[in-house]
1. Assuming residue 180 fulfils every condition listed in (1) in a helix (DSSP H, G or I); (2) at pLDDT 90 or above apart from one, which condition is it?
2. Check region 7-25 and report whether any residue there is hydrophobic (A, V, I, L, M, F, W, C), surrounded by fewer than 18 Cβ atoms within 10 Å (Cβ to Cβ) and either assigned to a loop (DSSP other than H, G, I, E, B) or at pLDDT 85 or above (or both).
3. Looking for whichever is more than 16 Å from the chain's Cα centre (by Cα), at pLDDT 90 or above and assigned to a helix (DSSP H, G or I) here; the options are 88, 107, 175. Which one fits?
4. Kindly list the number of the only condition in (1) outside any helix (DSSP H, G or I); (2) within 22 Å of residue 151 (Cα to Cα) that fails for residue 93.
5. Looking at (1) modelled with pLDDT under 90; (2) exposed (fewer than 12 other Cβ atoms within 10 Å of the Cβ), which is the one condition that is false for residue 43?
6. Given the condition in the same structural domain as residue 142 (by TED's automatic domain parsing), on the phi > 0 side of the Ramachandran plot and out of contact with any Asp or Glu (no Cβ under 7 Å at 6 or more places or on another chain), answer yes or no: does some residue in region 180-197 qualify?
7. Can you pull out the residues in region 162-183 that are touching a residue at least 40 places away in the same chain (Cβ under 8 Å) and of a type in the set (Ser, Thr, Tyr)?
Amino acid sequence: MPAVGIFGYAATWHGLLLALSGVRPAEAPDVSPDASFLDALHRGDHDAWRRLFEDESPALYRYALSRLGNREDAEDVTNHVFAEAWNAIGRFRDEGHPLRAWLFGIARRLASRHHARFMARNAQVSIESMQLEGSSDAVSVEQIALAEALASLDPAQTELLSLRFIHGLSLAEVAAIFKTSVDGVKGRQRRSLEALRERLAPQDIDP
């Protein structure tokens, strides 16, 4: 599985910067899982599970890497997400959200369950994960400042902003993960962005 840092894609970098500047990044529409595909997963169809893994494992890996800062641990968590999903798919209920929200919920729960091992100081963003493997490009001062400011927030705020703007989950998906309403996520998001802007004010970071 490729090792990709939290700022490995321009879209994720600019997504958070756009949010900080007050511009709402474009979001893909929430799409319920196809009924036949979901049925195949329930039946344990290996082709369907392979497709799910290929579609969702890169994003889950990036999430785990940003949480843990260690590639081996991130790979381990990603694999455990799908092992748990395989065992729990019978309890999944289509509530109008992509399977991605369910998988991210499992990943988040696994990280919390292994807090002492995986999270040195309850950080949700690891600066060490920002460097792309095989890349000679140094992480910029602005990227480090943003990551440090993000990690300095309340853990729940960091988690929400990370899921929304670094990992690209929709409002509805984050609401499903946090077990709250979309309006609740909007309120938390607004307060979290305000807190992040306060942390960054002396830094004068521009997109």
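The values are calculated or read from the model by the stated rules, or taken from the named source; none is laboratory data. Quick caveat: nothing in here was measured; it's all calculated off a predicted structure. So basically every Cβ, Gly included, is an ideal-geometry build from the backbone, and we count neighbours across all protein chains shown.
1. (1)
2. Yes.
3. 88
4. Against the list (1) outside any helix (DSSP H, G or I); (2) within 22 Å of residue 151 (Cα to Cα), residue 93 comes up short only on (2).
5. Exception for residue 43: condition (1).
6. No; the residues of region 180-197 include none that is in the same structural domain as residue 142 (by TED's automatic domain parsing), on the phi > 0 side of the Ramachandran plot and out of contact with any Asp or Glu (no Cβ under 7 Å at 6 or more places or on another chain).
7. Correct list: 162, 170.
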